[in-house]
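Written below as structure tokens is the structure these notes are about.
All of the numbers you see were taken from the coordinates with simple rules; none came from a lab. What you are looking at is a predicted structure, and each value in this text was computed from that prediction instead of being measured. As a convention, Cβ positions derive from the backbone with ideal geometry for all residues, glycine included, and neighbour counts pool all protein chains shown.
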Amino acid sequence: LVSLFASEPTTVDQELTRFVGDLPGLLGWFWEICYDLLIGWPLVLLIASLVARHRLFLLRDQVVAIVLALGFSTLVAGGWSEMIDGLTGSDPPAVYPGVRIALATALIVTTGPHLGRPLRRLGRWVVWFGAIAAVALGVALPLGVIGGLAIGFGSAALAHLAFGSPGGRPSLPQIVAALEELGVQA
């Protein structure tokens, strides 16, 4: 639905972009850091699942979510070159969809149920502040951010649908493996 209105900036896009742009100028560095965290935090999560013991299933889920998000972003953006520009660019003009937001959201939301509550909350903050930062920096219009979030959440949901999700709790085999690492026979 968002894609139908994304060809031209709407009045709401222009007003929200102007509002966020009118925030105090001291926040420029803050928005840049928040937008960069959309790359940093997902990389940390990806590397953590790669080096952690008994977490290859999580790496599989993350890779599937990233591939889905890349595919949907390429489809919506209209090609690989537009998708690459949306991923690597951090300057105006605005792109549709917010590709960096889509990929970060897909990876963070896919990993979320496997993390404790504080790290899940940190991931949510990274996604939401990164989305606002994309608008503040002029990298994406609000509709582009909404499109990126929809792609990210949808890709993560499809990965969870395909492989399951622990719902924030470890599975029984994970508990047994963790107890065995501690030397407790269960």
### Task
Determine the principal axes of the Cα atoms in the stretch 124-186, then give the extent along each, sorted from largest to smallest and rounded to whole angstroms.
56, 24, 12
### Query
Assuming R0 = 22 Å, what is the FRET efficiency of residue 51 and residue 29, from their Cβ-Cβ distance, to the nearest 0.05?
0.10
### Message
Check which residues have an amide H placed less than 5 Å from residue 140's amide H, if you skip close sequence neighbours.
### Response
95, 135
### Task
Using Cα centres only, tell me the gap between the stretch 139-186 and the stretch 26-70 in whole Å.
12 Å
